[in-house]
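A quick write-up on the structure given underneath.
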Amino acid sequence: MADVKLLRVFVASPADVQAERDALGEIVKNINTTLAGVEPIQLRLVRWEDDVEPAVGGDAQSIVNAQIGNDYDVFVGILWKHFGTATPRAESGTIEEFERAVKYHSAHPNSVSVMFYFKTAPVPIDIDTEQLARVQNFKERFGGSGLYGTFGDTREFAATLQIRLTRLALRWCREGRAPDAEESSESAAIDTETDAEPDAGSADSSVVEDGAMSEDAGFLDLIEEGTAGFLQVTEVTERMSTLLERLGSKMKRHTEEATAARDSSGAVNVSDAKRAIDSAAASIDRFAGEFSPEIGVFKAAFARAIRAYGAAASLLGDFERDGRVEQLQEASATTRNLESTMGESQRLLRQFRENVSVMPRATTRFNRARRRVIEVLDTLDAEMTSARGATMETLGLFDELQERFGE
C-alpha cells in the first residue's frame, strides 16, 4: 500500500470569520472521507488555536511564527470586515502570515500553494470603519491580478473550498508537489452572495430542499444539478449580451441624431441636440432597469451550480464505484461553453463601458444616466470576474476527475 501523503492546510484570519475557519475543519474531514480508498492522501487543518502552545517571550504573532513557521503545504487567508492588530513586523497578524507564505512560495514554488479570500457579506451598522477601510485598501493592492477569491456567505465558502482543495489534493497526488506557482496563486474567485433562490420548478426535489442540497442527493444528481445551474448562467449571460448590443445600436443612433442637429446655417441647434442626448439618457435608464435584475439571476444561478458541484466533490468515492463518466463529460462541456460565453460577454461589457465613460457630459439627465449605467456595468464586471475564476476552478476539477476515473 502506498504511503499516505499528509497535506497541511494553514488558515490565517481575524476572529470575525470564525464560521469560515470552522467550516474549513468540516471541509477537511469531508475530503479525507471522500479520498479514503481513492488516493493515498489526507488533509490536516493547521490553526493557531489548535496548534500553538502557550509560551512566553516576544509578541503573540512571533510565537505563532516560531511554532508553525512554514510547516504547511497550503495557505488559506480570509478577510471580511476586521483587519486585525498591527505586529512589530506587519500591518496585522493575518497580513504577516500571508506575507510569510508568499515569500516562502516565491522561494519554493513547488512546496506551498497560496490562496486568499475576501468575504463580501453586508457588514453591521456598528462596524469599525477604520478596520473596514484597511481591509479594502489591502484588497485594492491586488488590483486586477485575480490573486484572490470572494464569497458571500459560509455556505458559498464551503462549496468553493471543497472544490478547490479536492482538486489540489488530486493534483498533489499525481504530481507529487504543489501546483505551478501561476496556478496555485490563483484562488477560486466566487462572489455568489444573494438572497435569491433558484426557481422552484428548476431543481429536482431530491437534490434541493429549502434552497440547500439534500443529504440524499447522489454524485450524478449533483453533477446534473450543477450543469443545469451553469446552463442557466449561460442563458442569462446571453440575454445580457443581447441587451448590451441593443443599447449599443440605440446609442449609435442617438449620437448620429445629436451630431446632425444643426440649423439652416449649419450651426448646432442646441434644442435638437439636447433632445437627442436626453433620448440617449432615456435609453440608458431603460437598459439599466432591464439589466439590473439579470445580475441577481446570474448570481443565484451561479450559486446553485457551485453548491451542487461542491457537494459532488465530497462524493468522489461513490463516483469511482459507479464508474460512469458521460455525465461528467457533459458537465465539462457545459462549463467550457459557459467560460467562453462569459469571456465574450465581459469583453463586450468592458468595451461598452469604456465608450460610455468617454462620452461628453452634455446634459444633467445624461450625466445621471451615464453614472447609473457605469455602476451597473461595474457590478456585473466584478461578478463575472469572480464567476469566471470559479468556473475555471470547477473545470479543472472535472479534468482531474476524468483523468483519474475516466481511463
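Values in this text are rule-based calculations from the coordinates and carry no lab data. Quantities reported herein were computed from a predicted structural model and do not represent experimental measurements. Positions of Cβ are generated from backbone atoms using ideal geometry, with glycine treated the same way; all protein chains shown enter the neighbour counts.
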Between residue 85 and residue 19, the FRET efficiency computed from the C-beta separation at R0 = 22 Å comes out, to the nearest 0.05, as 0.60
Checking segment 258-305 for chymotrypsin sites (Phe, Trp or Tyr not before Pro) in a loop per DSSP with at most 15 other beta-carbon atoms within 10 Å yields none
With segment 271-316 reduced to its Cα atoms and the Debye formula applied, log10 I(q)/I(0) at q = 0.22, 0.27, 0.33 1/Å amounts to -0.77, -0.88, -1.01
The pairs in 5/119; 29/103; 29/139; 250/274; 252/274 lying past 24 Å Cα-Cα in this model are 5/119; 29/103; 29/139
Diffing segment 345-357: the Karplus 3J(HN,Hα) column from phi (6.51, -1.76, 1.60, θ = phi - 60°), in whole Hz with x for Gly and Pro, holds 5, 5, 4, 5, 4, 5, 5, 5, 4, 4, 5, 5, 5
Phi angles of segment 8-19, converted by Karplus (6.51 cos²θ - 1.76 cosθ + 1.60, θ = phi - 60°) into ³J(HN,Hα) in whole Hz with x for Gly and Pro, give 8, 10, 9, 10, 10, 5, x, 6, 6, 10, 4, 4
Per the charge dipole of segment 259-407 (beta-carbon charges, Lys/Arg positive, Asp/Glu negative, Cα centre), the residue among 402, 302, 360 reaching farthest to the positive end is 360
To the nearest 0.05, the calculated FRET efficiency linking residue 374 and residue 286 through their beta-carbon distance, R0 being 22 Å, is 0.90
Computed over the Cα atoms of segment 1-49, the Rg and Dmax in Å are 12.4, 43
Full extension between residue 270 and residue 367 adds, at 0.36 nm per residue less the Cα distance, a length in nm of 33.2 nm
Label model pair residue 3, residue 242: point-to-point distance (7 angstrom along the Cα→beta-carbon line) in nm is 5.9
With Rg from the Cα atoms and Rh as the Kirkwood inverse mean 1/r over Cα pairs, segment 250-397 has an Rg/Rh of 1.21
